[in-house]
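Student: Got a structure for you, questions after.
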Amino acid sequence: MKNRGLIILTVSLIVLIMAACSNNRSMVDNEASQEPGKTTVPSGTTTNTNPDGNASGGDQKTIVFSVFWPSEQYEQAVKSYEAAHPNIKIKLQYGLSEPYSNGGGSEQTDADIEKFTTTTNSAMMAGKGPDLVDLRYLAADDYERHHLLENLSARMDEDHTFRKTDYFTNVLGSEQGGKSLYSLPLSFSLSGMVGDRSAITATGVKINDRSWTWDDFMTAGKELVDANGKYKAAIVSGEGLQVGGTDYFVRSIVADNYSRFVDETNLKASFDSPEFNGLLEQIKSMFDAGIISTSERGYFTNVSILSPEDYLTTLNVFGKDTEFYIKPHADQEAAGTSYETRSDIGINANSKVKDAAWDFLKYMMDHTSIGLPINKERFADAVQALKKQGTITPPTIGSQHSESFKVDEAQLNRLEGFADAASRKKNASGKVLDIVSANTAAYFAGQKSAEDVAKLIQNKAMTVLNE
């Protein structure tokens, strides 16, 4: 999103939340761009470290694992796996050519991303490329359409050692109506809202976030506004401590319900539908009623939760009596937490070591603790470790010092429930979302009708999807 139309609320608070995020070691593997300075391994090099393959042994095999961002957890998984499987060698290849840091390097990083995507896409399309690949930045849907990725649904079904119940199957995607999976995530994040619990309670407005729709939110939001309590608005248009305009709010809603309007696999969009027109009209009515603010805080604020530590840190940043709430859903959508998969790994369909690659992928799913781990046992381990730690001390960045705070075990105990309730996969980036952001302002300004804007977005989205 690159801060489109965003206004920074408070520099000191933003530094605090960035510091908290940078303290989360699990994020380095997943969101290096959000954790400057964490990349310590020289990129652009190939490391011969840990492997995974058939536990039964056999001939020597080499797995090439390609990932853009350097990762200590990947390296540790390689070492541990290789030690247990002497017949397997894993070559870990990075796309980043130099360590990422606060001091700059963004132009070089952008150039590295372009080179990484171009060279990997070319190799894959030519029937070559790595055996295992982290699909971030890559044309995963094109790979799927051209049958360049191994069918992992079939792998899971045929492998009697793979137990789906060991994972958050709703996030894993194994229950998505018979559609085959061609990548599996090692981790995920949750998208929801932080609410000022004490301020909401003071208004007397009842909130049921487990099942509420946007119509329910409009009703509750109007009641919150009319209560003339601590805040003038029910929710701020933005993410975390950043505030944006109408375009930001529309983009975030479409991102949370991306698959409802875009089918990237089949190159179809449905923005010229009554559902999207209705969504635009609904959002406009909330702005008109003052339920959504574009200038100050509200009772609720959109947030993304990247790890157990990030969950508690986010709540702490917004106040001592805050709570995480599930976002409202559209009438046509299932109730539940919005989520985004991370560290999505695919197996090259043309690999000559697919069995070994699958075995190592399983190993990473069971032994890495990146972000919110997809493996339930690793998830529980991360929560328990945080409880044992007792306090969280965000690191100092520059001259900004962060105060330690106690781990709230009661709040932490609720986190797994939100993970279990994950039901709506979020798409947080992409050209289609840029089109939505750029072309809805005319409707909110009264310059175009919802129908005209929807048709324009539909045409541009189809052009992008078919490029």
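The values are calculated or read from the model by the stated rules, or taken from the named source; none is laboratory data. Predicted model, so just to flag it, every value in this text is computed and none were measured. Glycine also receives a Cβ, built like all others from the backbone with ideal geometry; neighbour counts cover every protein chain displayed. Note: accessible area is taken over every heavy atom of the protein model, side chains too, but ligands, DNA and RNA are not part of it. Shrake-Rupley method; radii C 1.70, N 1.55, O 1.52, S 1.80 Å.
Student: Scan segment 417-462 residue by residue and report those that are open to solvent by less than 30 Å² (accessible area, probe 1.4 Å) and either hydroxyl-bearing (S, T, Y) or touching a His at 6+ places or on another chain (Cβ under 8 Å) (or both).
Tutor: R424, S437, T440, Y443
Student: As an exercise: evaluate Q108 against (1) modelled with pLDDT of 85 or more; (2) on the phi < 0 side of the Ramachandran plot and give the number of the one condition it does not meet.
Tutor: (1)
Student: Condition test on I347, is it part of a strand (DSSP E or B) and in contact with a helix residue (DSSP H, G or I) (Cβ under 6 Å, 6 or more places away or on another chain)?
Tutor: On the way: part of a strand (DSSP E or B): yes; in contact with a helix residue (DSSP H, G or I) (Cβ under 6 Å, 6 or more places away or on another chain): yes.
Against the criterion (part of a strand (DSSP E or B) and in contact with a helix residue (DSSP H, G or I) (Cβ under 6 Å, 6 or more places away or on another chain)), I347 qualifies.
Student: Of all residues in segment 130-146, which are modelled with pLDDT of 95 or more and more than 17 Å from the chain's Cα centre (by Cα)?
Tutor: Matches in segment 130-146: P130, D131, L132, V133.
Student: Now for a different question. Inspect all residues belonging to segment 162-171 and state whether any of them is in a strand (DSSP E or B) and either in contact with a Pro (Cβ under 7 Å, 6 or more places away or on another chain) or open to solvent by less than 10 Å² (accessible area, probe 1.4 Å) (or both).
Tutor: Here is the first cut: in segment 162-171, the residues in a strand (DSSP E or B) are 167.
Filter once more, so that each one left must be either in contact with a Pro (Cβ under 7 Å, 6 or more places away or on another chain) or open to solvent by less than 10 Å² (accessible area, probe 1.4 Å) (or both): 167.
So far as segment 162-171 goes, yes, one or more of its residues are in a strand (DSSP E or B) and either in contact with a Pro (Cβ under 7 Å, 6 or more places away or on another chain) or open to solvent by less than 10 Å² (accessible area, probe 1.4 Å) (or both).
Student: Quick check on this structure: which one of S402, S343 is on the phi > 0 side of the Ramachandran plot and in contact with a Pro (Cβ under 7 Å, 6 or more places away or on another chain)? Outline the logic, then answer.
Tutor: Working: S402 fails: on the phi > 0 side of the Ramachandran plot.
That would be S343, the only listed residue that is on the phi > 0 side of the Ramachandran plot and in contact with a Pro (Cβ under 7 Å, 6 or more places away or on another chain).
Student: Follow-up. Looking only at segment 431-467, which residues are without any contact (Cβ under 8 Å) to a residue 60 or more places away in the chain and either of a type in the set (S, T, N, Q) or part of a loop (DSSP other than H, G, I, E, B) (or both)?
Tutor: Passing the criteria: N439, A445, G446, Q447, K448, S449, N459, T463, E467.
Student: Of everything in segment 208-231, what is assigned to a loop (DSSP other than H, G, I, E, B) and open to solvent by less than 50 Å² (accessible area, probe 1.4 Å)? Give them in sequence order.
Tutor: Of all residues in segment 208-231, those assigned to a loop (DSSP other than H, G, I, E, B) come to 208-212, 227-231.
The answer is D209, W212, A227, G229, Y231.
Student: Moving to a separate point now. State all residues of segment 262-278 that are in a helix (DSSP H, G or I), in contact (Cβ under 8 Å) with a residue 60 or more places away in the chain and either out of contact with any helix residue (DSSP H, G or I) (no Cβ under 9 Å at 6 or more places or on another chain) or surrounded by 22 or more Cβ atoms within 10 Å (Cβ to Cβ) (or both); if no residue qualifies, say none. Can you show your working first?
Tutor: Step one: filter segment 262-278 for residues in a helix (DSSP H, G or I), giving 274-278.
The next check asks that each one be in contact (Cβ under 8 Å) with a residue 60 or more places away in the chain; those that pass are 276-277.
Within segment 262-278, just F276 meets the criteria.
Student: Could you look through segment 138-161, keep only residues that are crowded, with 16+ Cβ neighbours inside 10 Å and of a type in the set (S, T, Y), and pick out the one that is farthest from D366 (Cα to Cα)?
Tutor: My answer is Y143.
Student: Got a sec? Which of L92, L181, L96 is within 24 Å of D359 (Cα to Cα) and either modelled with pLDDT of 95 or more or crowded, with 22+ Cβ neighbours inside 10 Å (or both)? Lay out the reasoning, then the answer.
Tutor: Numbers: L181 fails: either modelled with pLDDT of 95 or more or crowded, with 22+ Cβ neighbours inside 10 Å (or both); L96 fails: within 24 Å of D359 (Cα to Cα).
It is L92.
Student: If you go through segment 197-207 one residue at a time, how many are open to solvent by less than 50 Å² (accessible area, probe 1.4 Å) and in a helix (DSSP H, G or I)?
Tutor: Total satisfying the criteria: 3.
Student: Give the residues of segment 294-317 that are open to solvent by less than 10 Å² (accessible area, probe 1.4 Å) and either in contact with a Cys (Cβ under 7 Å, 6 or more places away or on another chain) or assigned to a strand (DSSP E or B) (or both), sorted by residue number.
Tutor: G298, Y299, F300, T301, N302, V303, I305, D310
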